[in-house]
Each structure stands twice: as structure tokens, then as C-alpha cells.
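Single-structure report; data block below.
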Amino acid sequence: MTETMTKGFMGTILEVDLTSGAVEKYPVTRDLAEQFIGGQGIGAYLLYKYVSPDTDPLGPGNALIFNVGPLVNTAVPSGS
């Protein structure tokens, strides 16, 4: 387990630009995982980071975010 990975996280955010086809990977740092707990928290952070309030909801400048929380695929009730 690397320093950027914490329990329940795979350690990577994959950013895909559907217009240009560019793909980049970013680490999920321990700080990010602790500040924005779970998939909803990190998803909200990414939405805030990439989308401005005046973005067209159906426009090409909007973000499409898929993420899961650290409890997915565990025995925790409602973990998915």
C-alpha cells in the first residue's frame, strides 16, 4: 500500500476529457480522503473543482462524475 492510498480507497482519480480523449491519473492523497470522506464527499469536491455555478447542465463544460465510497463491496449494510 502506497502512502497516497488509505484504507478503502484505490488511490487514483481518473480524469477523461471526452472532447479531446485525453486521460490523466491523479492520486487520492491521505489529506483528500480525510477531508472529504467517502464517495459523496470526494464527488462534491470534484464537482466544486471542475464546474462553475453558471455551467450549462447539459453543455460540454459540465462534468460527469462516477465514484464509489470506501465501503462498497463490504458487509456493511447500505455500503454500496
Selection from segment 58-80 of residues that are free of Cβ contacts under 8 Å to residues at least 12 places away in the same chain, open to solvent by less than 70 Å² (accessible area, probe 1.4 Å) and small (Gly, Ala, Ser):
Gly59, Gly61, Gly79
When restricted to Thr55, Thr12, the only residue β-branched (Val, Ile, Thr) and modelled with pLDDT of 85 or more is Thr55
Residue in segment 11-36 that is nearest to Leu64 (Cα to Cα), counting only those that are assigned to a loop (DSSP other than H, G, I, E, B) and β-branched (Val, Ile, Thr)
Thr19
Pull up segment 31-57, narrow it to residues that are within 22 Å of Leu18 (Cα to Cα) and aliphatic (A, V, I, L, M), then point me to the one that is surrounded by the fewest Cβ atoms within 10 Å (Cβ to Cβ).
Leu47
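The values are calculated or read from the model by the stated rules, or taken from the named source; none is laboratory data. If you're wondering where the values come from, they're calculated on a predicted model, not measured in any experiment. Note that each Cβ is placed from the backbone with ideal geometry, even for glycine, and that neighbours are counted across all protein chains shown. The area values use the complete protein model at the heavy-atom level, side chains included, leaving out ligands, DNA and RNA. Shrake-Rupley method; radii C 1.70, N 1.55, O 1.52, S 1.80 Å.
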